[in-house]
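**Student:** What follows is a structure written as structure tokens; I'll ask about it next.
The values are calculated or read from the model by the stated rules, or taken from the named source; none is laboratory data. Owing to the predicted nature of the structure, the values given are computational and were not obtained by experimental measurement. As a convention, Cβ positions derive from the backbone with ideal geometry for all residues, glycine included, and neighbour counts pool all protein chains shown.
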Amino acid sequence: MLVVIIIGVLAAMVVPRLAGRTEQAKVARAKADLASIGLALDLYELDTGGYPDALDALTQREPPSTMALEDGHQWNGPYLKKGLPKDPWGRAYLYAAASEHHQDYDLSSLGPDGQPGNDDVTNWQ
């Protein structure tokens with residue numbers, strides 16, 4: 001009985017400290033995903049001479065039909081071999097080839113609430 005009480009006391013002390021860590025872990029994963037997708041986008045741009053119109057281009061095995069390989073460009077795709085990850089909240093990452101934040105591109109997750117706002121995870125902050 002004493003062992004059960006000790007385990008209960010320890011659990012009461014540890015569980016509240018770990019409760020907030022779940023959301024922090026999801027934000028950290030989203031940041032890591034953005035870095036990984038960003039690296040794939042940069043490799044795509046180095047090989048093809050431009051960023052793709054959509055993230056789906058990073059998973060293609062064949063070069064885009066509009067790509068002129070004779071211009072010194074090469075195709076080393078797919079750039080994301082395991083496919084496009086979903087953000088930790090189960091939604092697709094947002095991508096815009098034309099950046100509104102003085103970046104090469106905009107890449108973001110809407111965060112836990114799924115709405116644009118202060119809890120977004122982005123490549124421009």
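**Student:** Within the group 99, 65, 108, which residue is among the polar types (S, T, N, Q), touching a residue at least 24 places away in the same chain (Cβ under 8 Å) and assigned to a loop (DSSP other than H, G, I, E, B)?
**Tutor:** 99
**Student:** Right, another one. Please work out which one of (1) within 24 Å of residue 22 (Cα to Cα); (2) part of a loop (DSSP other than H, G, I, E, B); (3) under 13 Å from the mean Cα position of the chain (by Cα); (4) touching a residue at least 24 places away in the same chain (Cβ under 8 Å) is the condition residue 114 fails and give its number.
**Tutor:** (3)
**Student:** Something else about it: Do we have any residue at all in region 29-46 that's over 22 Å from residue 121 (Cβ atoms), among the polar types (S, T, N, Q) and out of contact with any Ser or Thr (no Cβ under 7 Å at 6 or more places or on another chain)?
**Tutor:** Looking through region 29-46, none of the residues is over 22 Å from residue 121 (Cβ atoms), among the polar types (S, T, N, Q) and out of contact with any Ser or Thr (no Cβ under 7 Å at 6 or more places or on another chain).
**Student:** Please determine, by comparing only the residues of region 48-73 that are of a type in the set (Gly, Ala, Ser) and modelled with pLDDT of 85 or more, which one is nearest to residue 96 (Cα to Cα).
**Tutor:** Restricting to residues being of a type in the set (Gly, Ala, Ser) and modelled with pLDDT of 85 or more, the top hit is 54.
**Student:** Take the residues in region 97-119 that are of a type in the set (Asp, Glu) and at pLDDT below 90, then tell me which one is surrounded by the most Cβ atoms within 10 Å (Cβ to Cβ).
**Tutor:** Ranking the candidates gives 119 first.
**Student:** I would also like to ask the following. Does any residue of region 76-96 turn out to be farther than 18 Å from residue 34 by Cβ and surrounded by 14 or more Cβ atoms within 10 Å (Cβ to Cβ)?
**Tutor:** Checking region 76-96: at least one residue is farther than 18 Å from residue 34 by Cβ and surrounded by 14 or more Cβ atoms within 10 Å (Cβ to Cβ).
**Student:** Residues of region 23-42 being under 15 Å from residue 84 (Cβ atoms) and surrounded by 14 or more Cβ atoms within 10 Å (Cβ to Cβ), which ones?
**Tutor:** Once the filter is applied, which keeps residues that are under 15 Å from residue 84 (Cβ atoms) and surrounded by 14 or more Cβ atoms within 10 Å (Cβ to Cβ), region 23-42 yields 29, 30, 33, 34, 37, 38, 40, 41.
**Student:** May I ask you to verify whether residue 11 is small (Gly, Ala, Ser), part of a helix (DSSP H, G or I), loosely packed, with under 13 Cβ neighbours inside 10 Å and modelled with pLDDT under 85?
**Tutor:** So residue 11 fits the description; yes.
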